Structure formats: C-alpha cells, structure tokens
1. Within the set of pairs 6+ apart or on separate chains, which have a first residue in region 292-318 that is under 24 Å from Ala11 (Cβ atoms), a second that is among the hydroxyl-bearing types (Ser, Thr, Tyr), and C-beta atoms under 7 Å apart?
2. Filter region 287-323 for residues that are modelled with pLDDT of 90 or more, small (Gly, Ala, Ser) and over 21 Å from the mean Cα position of the chain (by Cα); which is surrounded by the fewest Cβ atoms within 10 Å (Cβ to Cβ)?
3. In this structure, does Leu284 turn out to be part of a helix (DSSP H, G or I) and either crowded, with 16+ Cβ neighbours inside 10 Å or of a type in the set (A, V, I, L, M, F, W, C) (or both)?
4. Count, please, the residues in region 144-156 that happen to be within 13 Å of Pro222 (Cβ to Cβ) and surrounded by fewer than 24 Cβ atoms within 10 Å (Cβ to Cβ).
5. Would you mind listing the helices (runs of 4 or more DSSP H) fully within region 19-137 where at least 1 residues are within 15 Å of Thr267 (Cα to Cα)?
6. What do you reckon, is Asp81 touching a Lys or Arg at 6+ places or on another chain (Cβ under 6 Å) and free of Cβ contacts under 8 Å to residues at least 40 places away in the same chain?
7. Hey, among the residues in region 21-45 that are in contact (Cβ under 8 Å) with a residue 60 or more places away in the chain and among the small types (Gly, Ala, Ser), which one's surrounded by the fewest Cβ atoms within 10 Å (Cβ to Cβ)?
8. If I filter region 151-162 for residues that are among the polar types (S, T, N, Q), part of a loop (DSSP other than H, G, I, E, B) and either under 20 Å from Cys99 (Cα atoms) or in contact with a strand residue (DSSP E or B) (Cβ under 9 Å, 6 or more places away or on another chain) (or both), do I get at least one hit?
Amino acid sequence: MPRLTLDQIDARAFAALTRAGAADHQAGPVARSVRLAEADDIRSVGLGYLPTYLAHLRSGRVDGKATAKVATPRPGAVTVDAGNGFAHPAFDAGLDALCAAAAKCGTATMTIARSYSIGVLGHPVEDIARRGFVALAATNSPPNMTAWGGKRKVFGTNPLALGVPRRNGESLVIDQSSTVVTKVTLAARAAAGQPIPEGWAFDAEGQSTRDGQAALKGSMAPFGGGKGANIALLVEILGAVLAGSALSMDVAPYASAEGAPPNVGQTFVAFDPSAFAAGFHERLERLAEAMTEGGQNRLPGDRRLAARLRNARDGVEVDDDLLARLT
C-alpha cells in the first residue's frame, strides 16, 4: 500500500472534491477535515468517507457552490445558514463571530442550519479551544436509534463534543456518540460479515442481536441504556430543534446518494474562562494530573494526539483500491 503524507491527502481530497463540482471555498475546509481524520486515525471519516461526499455532490444532496450566511441577531447569538452546503465551511464562516461574541459576553452560542455531516465533531471544538475558549457542541444525524423502549427510530448517533484549552497549548477533547458505537463502525462489521458484540444494537423486533445485517435493519443501542437515550434527546434538541434544522427521523441516510439535502444542524457554545472565576488553568491541570497519576490512565483525546504526531512524521498507508476509486 502506498504511504501518503498529510499534505498529499489534503491535496488529493481537494482535487477530488473540486472535480465532483465543489467550489474552492467548499472543498478546502472539507479536504482539511479529511486530512485531520486521517491524522488522528479516524479513517472512517477520512479518505474512506470521501466517496460519499463525492456522490452527494454529484447527486445534489449537498450544494458544492453554497456560500454560508452568518448573522448575529443578538450580542451572544450567532446563526449560520449553510445553504445545504458542507458543514465545515459553514462552521469556518461563523467561527470569528462566535469567538468575538464569547469574548464580549462571556458565553456565546452559534447554530448552523441547512447543514450536512460535520464528520469528527471533536475537530471544530478543538478549533474553538485553540482560541482560548471552552467549547461544547452537538449535532444530529440520520435516524439510527429509537427512543428508549420504542420501535421507531427517532434519533441519530447524535454526538456530543467538548473542547477545553490547556495551559500547554494543547486541548482536552471529548467526542462521543450517544450510541455504543458509530454507525460507520457497525456498517463496516456488517459489510464484512462479522458478528457484532452483544449490546451494540437491536433487530427490527427490538431484541438484542449480534448479527450486523439484522442490526442495520433494526436500531443502534444507546450507551448506558435509557440515560444514553436521554443524551441523544438532549443533542436532538440542541442540534436540530434549537438550530431550526430537520429532525433526525426526517433525514435520509448518508449512505444513500439520492434524496433531499440532509438539513441537519449543529450547535456550538463557547465559554470565555476569563469571564468567570480566576485560576481556570490551575484547577484544570490539577484535575488532569489526578486523572493521569501513576501513568496508568490517559486523558480523553491523548490517543488521537499520539496518532497525530506519528502520522505527521511517517505518513499514512492508504489502500490501493481506495486510491484507484478516488482517482
């Protein structure tokens, strides 16, 4: 398998996106997201997911020419209309306004409507954290999970992410779905004909299953049972209801190239630590030290940071068939 540098991955992704019809201002941020996913060993939304982006550009599920529109209806509120374009350039368009509002008000919120999959939700909260703000984010997605005890799928995998600036310039990042695993992981197991672990999903009758294909016809399981389903509801309210986007149950699967634009939503909240109690970084670092005491534990995101350093140095091996498909 060939080994590509992160710069080469970025360039190939950009070229593929523009060939499929994306304007430079749309393709650039999406190519960066592919690069970041590969750097962090989150390959499921790196080059491996690029064919989905390309198919949606060609079918019109995403508008590769869209220009995001940013508004500030109130001092601490920022809204972005992605125009059915990609989520990444919509986030970039509103980032300066969000951070300026948070610096002025102490806390600010940005919603993105008429949006698309944002891939790794941990990356935009890390962008906010790099500017010195604590960031909280939520996004909804196509339906994969029932309400607890129900049969109709009403929630997506609905991830929630947190980014926290550290004194050393790094960021503590938490990024987790409301389901036990991501849809991409479940689908990969099913496509390979491999059994899935107990507790990942239910079949169409609501019974726990280890059959990946039966799971795809049924629903994914929330982490922590009913408590995880409540987190999915929280994300749905923040990511879709508050942002003014489609509910998860009304969104066609990303796996389908056909259908209406997803119209999912994202919500980001930024907190300026300097607006609140003094000593933020001292308390945070004391907490981090306690969590990693003795070298036996690690902070959330540490594995990603290690992969990022390794892949920046050594490059990333890419499957020949995937490269041929992208070409």
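The values are calculated or read from the model by the stated rules, or taken from the named source; none is laboratory data. From a predicted model like this one, the values you see are computed outputs, not experimental measurements. Positions of Cβ are generated from backbone atoms using ideal geometry, with glycine treated the same way; all protein chains shown enter the neighbour counts.
1. If the second residue must be among the hydroxyl-bearing types (Ser, Thr, Tyr), the pairs left are Gly315/Thr5.
2. Ala290
3. Values: part of a helix (DSSP H, G or I): yes; either crowded, with 16+ Cβ neighbours inside 10 Å or of a type in the set (A, V, I, L, M, F, W, C) (or both): yes.
Yes; evaluated as a whole, the condition is true for this residue.
4. Kept after step one, since they are within 13 Å of Pro222 (Cβ to Cβ), are these residues of region 144-156: 144-150, 153-156.
If we keep only those that are surrounded by fewer than 24 Cβ atoms within 10 Å (Cβ to Cβ) as well, we get 146-150, 153-154.
Total meeting the criteria: 7.
5. On the way: elements: 24-39, 50-59, 87-105, 122-130.
It comes to 87-105, 122-130.
6. Values: touching a Lys or Arg at 6+ places or on another chain (Cβ under 6 Å): yes; free of Cβ contacts under 8 Å to residues at least 40 places away in the same chain: yes.
So Asp81 fits the description; yes.
7. Across region 21-45, the extreme among qualifying residues is Ser44.
8. Step one: list which residues in region 151-162 are among the polar types (S, T, N, Q), which gives 157-158.
Subsequent filtering for residues that are part of a loop (DSSP other than H, G, I, E, B) retains 157-158.
Now drop any that are not either under 20 Å from Cys99 (Cα atoms) or in contact with a strand residue (DSSP E or B) (Cβ under 9 Å, 6 or more places away or on another chain) (or both), which leaves 157-158.
Yes, some residue in region 151-162 is among the polar types (S, T, N, Q), part of a loop (DSSP other than H, G, I, E, B) and either under 20 Å from Cys99 (Cα atoms) or in contact with a strand residue (DSSP E or B) (Cβ under 9 Å, 6 or more places away or on another chain) (or both).
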